[in-house]
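Some notes on the structure that comes next.
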Amino acid sequence: MTISKKSMKWIPWILILPVILIRGFTTLYPIGATLKNSLFDIKVLSGVNEFVGLSNYINVFKDPKIISSISFTVIFVVVSMVFHVVLGVALALILNMKFKGRRFLRTIVLIPWAMPAVVIGMAAKWGFNNDYGMINDFIRRFVSDFQFNWLINTGSARAAVIAMDLWKDLPFFAILVLSGLQFISGDIYEAAKVDGANGIQSFFRITLPLITRNVITLCIPFTLWRLTTFDLVYAMTSGGPGEDTSLIAYRITMEAFTNLNVGYAATLAVMLFLVMALFSWFNIKVMNRMSD
Amino acid sequence: MKKTVSILLTTALAAGMLAGCGGNSSETKEEGSSAKKGDYDLTLYSINTTDPDFDDWLKNVEDATGLKINVIAAPTDSDTRQQKITTILSTGDSSVDIIEINDEMSASFKNSGWLEGLNDTVMTEDIRGEFPQGYLEDMITDKDGNIIGVPGYSGYLAFWVNQEIMDEVGIASIDTKEDFVKYMEAVSGDGRYGYGGSWEKTYVFNEIAQFVNMFGGDYFDWTNPANKEAIQFLHDMVQNGQTPIDQIADKYEQMNPKANDGKYGSWFMWGLGTDYEKADMLGADKIHMAMVPDFSGKGQRAIFTDSWSYVLNKASENKEAAVKFLEYMADEGGMEASYKAFDRYPARADVAAKVVPDTDPAKEMYSRYAEECNVAGRPMLPQTMEFITDMGTIYQSCMKDEITVDDFCKKAQELVDKYSK
């Protein structure tokens, strides 16, 4: 029995059919439904379900809550990612040094990453409390009359949220950078040393160029995760004070599941999806250019 | 040949997986539903499962009704709980028959058509009069006059004071607005405040509405001068250091430890003081409920009442059993069981008089609240959480001086107009 070339063409499709069906049901259908819902005004509690075309998309830019969410999301993503890269590389370099207890440090450094964000958020709500929090308790050991409630002012609440995000995910970023560092041969550093390069020169001339591609690759998922963060603020600040720490993903969740404004939430989700797709495309372009 | 066999095998495997998936899933579903039907008469979505006495309560209910009850624990986080319950009801999910809902959910769901009316079955005319009328009308009656729930208990947004602080400053009672102001001035200072609250944006609504009520205002009419007076009063308390601005980050779990630590002289709070009791701070000489001050000067005291109500999912397929359950919960036996297991003060006045012993410190004050105060349900609109959150957001801005009191009143009226549509 032989199978013709024409029939062979269908075999791979048959083999991946289960995956296509599962993907279609769990990913493509929800995306299609979300796109459709974004063109409707759907308010479950009021029983409203009307086609409104692009009105939801226009209203997004007139809604002060969304403007505030977009503003904080941009700040959150940019500041958090800058610190991820700078501190992540620094931490990776430390973890790459040869010292006693290095293996132990590499293990415990990942503990915050392994903890659920909601748990961290709830703990942070207490941690930043003026009366009972460990942050102020620590500061008061140096400044005895220090009084400050981090979560009631816009700037400090935003800083606290970013700090907790870094505390949780920075070690994971560092460990992934570390894996890149370990691919750099020791011979290169030896040769540089022989040529008279000091530590700083070695870092900027050897280490950094060789891990740049690795770091940029890591920046794609880490940025996308920042864009979809909602659990941390959900547990830590509930988006407050006011709406000042409402990340866009948190706002989508609130609109969809608490306020039940399904159409509006779908619009926000589509817009976030487009931003994420655009960002990924841009990153891939940059990486391709670097390869060339 | 090898190639052909391997292709056939993998094709068969893929086809088998697909067929297997479909076959198994439908079989499991049928088995699951028939097993469920056979084992249980109804399913209850409960908020009390973490209570140590829950099993005793469940046994009591099952013995009294003869029903076998399947219990699903509701999430303890309020937002998550509301999301889950909304999803169950809005999708016509029949896997849950009875659900416990709070006032926020009642306001959202009562006119949605998702809940079964109980006028002819459970909340019949003969017992209706025994429940707090203001609560029944404001919170759990739909636009067509159908009562959609059985109140599981009767709670008040009680006025709490710290007696040790009162004794220290030499103030015996806080009966009028002037007494309240004097108390604020006497207590506040050195990290202590005359009044404390939980002003997190989704919690502060209770206190805004309470003060508006005490000043004789109307929460749905922000052109009313009494509303502005109430907000100005709260704003001045912040400015004068009589209540802390820090509390805009606080929910009840942050507020109560501060009350226990003697940081606050007075506050409004639901419940019978379980958190104070746990800290050994509940008592006539420590933390206790007091009569709400009369800010009107006309002997009119205002207080809010709340409850969690048992409601019947309209999509339920076990309505007969569900009605039997609800009848028991509306009856003396069910209310007594809830009081004993969960410290829930009976919603029916006649049952409370019989079941609650005179030694219970809440009994006297709850009876006085019922007799001496204008008892009402909280002012809510169908888009409840959105309205509450938006009001909380502008209130926080006002207290932080980001907007003026006049701006607050203007924006509050806009929100009322927006969410009343």
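Partner lysines whose Cα lies under 18 Å from the Cα of B:LYS340, excluding those fewer than 8 positions away in the same chain, are identified as B:LYS59, B:LYS278, B:LYS354, B:LYS363.
When you filter the trypsin sites (Lys or Arg not before Pro) in the stretch A:1-67 for DSSP loop state and at most 16 other Cβ atoms inside 10 Å of their Cβ, you are left with A:LYS9, A:LYS62.
Quote the FRET efficiency, to the nearest 0.05, computed for B:ASP190 versus B:ASP142 with a Förster distance R0 of 51 Å and r equal to the Cβ-Cβ distance. Between B:ASP190 and B:ASP142 the formula returns 0.50.
The value of relative contact order for the stretch A:51-291, using C-alpha pairs under 8 Å at least six residues apart, is 29 percent. Among the chymotrypsin sites (Phe, Trp or Tyr not before Pro) within the stretch A:1-105, those in coil by DSSP and having at most 16 neighbouring Cβ atoms inside 10 Å are A:TRP10, A:PHE61, A:PHE99. Taking every C-alpha pair closer than 8 Å and separated by at least 6 residues, the mean separation divided by the residue count of the stretch A:205-266 gives a relative contact order of 21 percent.
Counting neighbouring Cβ atoms within 10 Å and putting the fewest first, the residues A:TYR264, B:TYR195 line up as B:TYR195, A:TYR264.
Computing Rg and the Kirkwood Rh from the Cα coordinates of chain B gives a ratio, Rg/Rh, of 1.07.
Here the spin labels are modelled as points 7 Å beyond Cα on the Cα-Cβ line, and at A:VAL194 and B:ASN70 they lie 7.5 nm apart.
Ranking of B:TRP57, A:TRP150, A:TRP113 by neighbouring Cβ atoms within 10 Å, starting from the fewest: A:TRP113, B:TRP57, A:TRP150.
Normalising by the residue count of the stretch B:294-421, find the relative contact order in percent from Cα pairs under 8 Å and 6+ residues apart. Answer for the stretch B:294-421 is 26 percent.
Of the chymotrypsin sites (Phe, Trp or Tyr not before Pro) found in the stretch A:160-193, those in coil by DSSP whose Cβ has at most 16 other Cβ atoms within 10 Å are A:PHE183. Only helices reaching 24 angstrom along their own axis (Cα) with mean Kyte-Doolittle hydropathy no lower than -1.0 count here, and for the DSSP H runs of chain A these are A:64-96, A:154-181, A:208-227, A:262-291.
Treat each spin label as a single point 7 Å out from the Cα along the C-beta direction, and report the B:GLN163 to A:TYR132 distance in nm. A separation of 2.5 nm, rounded to one decimal place. A full extension of the chain between B:LYS177 and B:THR223 corresponds to an added length of 14.3 nm, given 0.36 nm per residue minus the alpha carbon distance. Can you give me the C-alpha center-to-center distance between the stretch A:43-84 and the stretch B:331-401, rounded to a whole angstrom? Here the two parts' Cα centres lie 36 Å apart.
Per-residue mean of foreign Cβ neighbours for B:381-394 is 4 (Cβ atoms of other chains, 10 Å radius). Taking one quarter of the surface of the C-alpha convex hull of the protein assembly as shown gives a mean projected area of 41.9 nm².
Each value in this text was obtained by applying a stated rule to the coordinates, not by laboratory testing. Note that the structure is a prediction, hence the values are computed from the model and not measured. So basically every Cβ, Gly included, is an ideal-geometry build from the backbone, and we count neighbours across all protein chains shown.
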